[in-house]
Every structure is written in structure tokens, then in C-alpha cells.
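The values are calculated or read from the model by the stated rules, or taken from the named source; none is laboratory data. Note that the structure is a prediction, hence the values are computed from the model and not measured. Positions of Cβ are backbone-derived with ideal geometry, glycine not excepted, and every protein chain shown enters the neighbour counts. The protein model used for the area step is the full one, side chains on, heavy atoms only, and it has no ligands, DNA or RNA in it. Shrake-Rupley method; radii C 1.70, N 1.55, O 1.52, S 1.80 Å.
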Amino acid sequence: MSTRPDSRQILRSEVQNSLSNIMQVESQLNWLSSTISYIDSMTTILPPRFEGLRRGGYVHRVNVEKKMEKLVENWNLIRLTTVPEIESLSGQLKGEISRLKDEGNVLLNRLGQQFSPEFVLGGEVSVFSSKVNSFVSRANGQIIQARKGLMEIRRDFEEIEKVVGDAENVLKAVASASFNLLENEHPLLCVSVKKLEPGEKRDGRVIVT
């Protein structure tokens, strides 16, 4: 036999839903922060890694290296204005989030106290939900604007990081191979392969040069 939730449970659920919406905004702000840190690290790490590839005999992906250099240059310029604006926005929104969380937790605590008048709590929960909805709508609009440029830059750096990682794996495969490359022969990529024969399976690698 099912029982219908009482009015306090409904109010409690409404407050918890509002707090969950607030935490989603907080998660988006954390994404902004982590993305800035990621891009900063890539501008520092990728150029030396490309230099290491060249020293190791990897001569390909010149267009990717040039794209990386341009990305680093553009980010250093954009960072001067964009990052302070995002950090200011994050600080403001996080302050509001902290206050709304405190208010929501106070409401949850009062909803657990039977002596608190239910009709009063209902009004307070309604006001709180309205306040949170307004905040979430405004914050999401501001965050979407901040995400736009960062998302494209992050995606570009992720693509370059993958190219560099693949190239590093090629050089590692060449270094551990049982043969030497010919003069003026340069590795391009390394592919894992499996040779299937009747009753036998062999795993190996093919190095394309």
C-alpha cells in the first residue's frame, strides 16, 4: 500500500531540487576554472614536447605545430582581459551560491522541526524557489557567454595534445624496435595489429614511416 507524501516532504523536496540546481551552476563555474588551468598548462607544456619530438626525429605535423604556436600567442593576448572577467564573474556568482545554500539548508532544518508553522514555511519555500530560479537563469546566461570562447580554445588544445601524444608513442615504439630506420626515414605513426593464423594469434605493431 503506497502512502502519499505529506506537505512537509513536498516542501523539503522542492528545497532540495533548488539546491541541486544551484550545485549545477557551481559545477559550471568549476568547469570554467579547470579549463583556464588546462589551457594555461598546455601553453607551457606543448611547445617543449614538440621540441622533443623534433629532436627525436619526428618531422611531420608541421601544420599542427604552427597552429599550436598561433594558439599560444592568441591565448596569451586573450588571457589578459578574458580571464580576469571570468574570475570576477565566478567570484560574484560563488558568493551568491554560498548565501543561497545557507538559506536552503536553514529551510531544510526548519522543515524538520514540527513546531514551525507549515503555512509560514510554505511561503518561505516558495520565495526561496523563485529566488533560486531567477539566479540560475541569470547565471546560466552569463556562464554560456564565458564558455563560448573557452570551449573552442580547449578543444583545439585537446586535439593538438592528442597529436603530440600519438607522435611520442611512435618515437617510443621506434626506440624499442628490434630494427633501425633507414637514413632519411622518419616515423609517422604506430598502429597496433593482430595477426591471425590457424590456431595462432600474434599481437604486434606496424610503424608507418
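A few remarks follow.
- Among residues of region 37-59, those that are open to solvent by less than 80 Å² (accessible area, probe 1.4 Å), of a type outside the set (A, V, I, L, M, F, W, C) and over 16 Å from D156 (Cα atoms), counted: 7
- Residue match in region 101-113 (condition: within 14 Å of V25 (Cβ to Cβ) and out of contact with any Pro (no Cβ under 8 Å at 6 or more places or on another chain)): yes
- L77 aliphatic (A, V, I, L, M) and closer than 24 Å to T35 by Cβ: yes
- Of all the criteria given as (1) surrounded by fewer than 16 Cβ atoms within 10 Å (Cβ to Cβ); (2) touching a residue at least 12 places away in the same chain (Cβ under 8 Å); (3) farther than 19 Å from V136 by Cβ, the one not satisfied by S88 is (2).
- Selection of region 107-123 for residues being touching an Asp or Glu at 6+ places or on another chain (Cβ under 9 Å) and free of Cβ contacts under 8 Å to residues at least 24 places away in the same chain yields only R110.
- Pairs, first touching a residue at least 12 places away in the same chain (Cβ under 8 Å) and farther than 15 Å from V64 by Cβ in region 28-52, second hydroxyl-bearing (S, T, Y) and in a helix (DSSP H, G or I), C-beta under 8 Å, six or more apart: L29/S90; L32/S90; S33/S90
- Among the candidates P48, P84, residue that is part of a helix (DSSP H, G or I) and closer than 15 Å to E161 by Cβ: P48
- T35 touching a Lys or Arg at 6+ places or on another chain (Cβ under 7 Å) and either modelled with pLDDT under 95 or polar (S, T, N, Q) (or both): yes
- Residue match in region 195-205 (condition: over 30 Å from G95 (Cβ atoms), modelled with pLDDT of 80 or more and open to solvent by less than 70 Å² (accessible area, probe 1.4 Å)): no
- The residues on offer are N17, N21, and the sole one that is part of a helix (DSSP H, G or I) and in contact with a helix residue (DSSP H, G or I) (Cβ under 6 Å, 6 or more places away or on another chain) is N21.
- Residues that are loosely packed, with under 12 Cβ neighbours inside 10 Å and in contact (Cβ under 8 Å) with a residue 24 or more places away in the chain, drawn from region 60-84: N76
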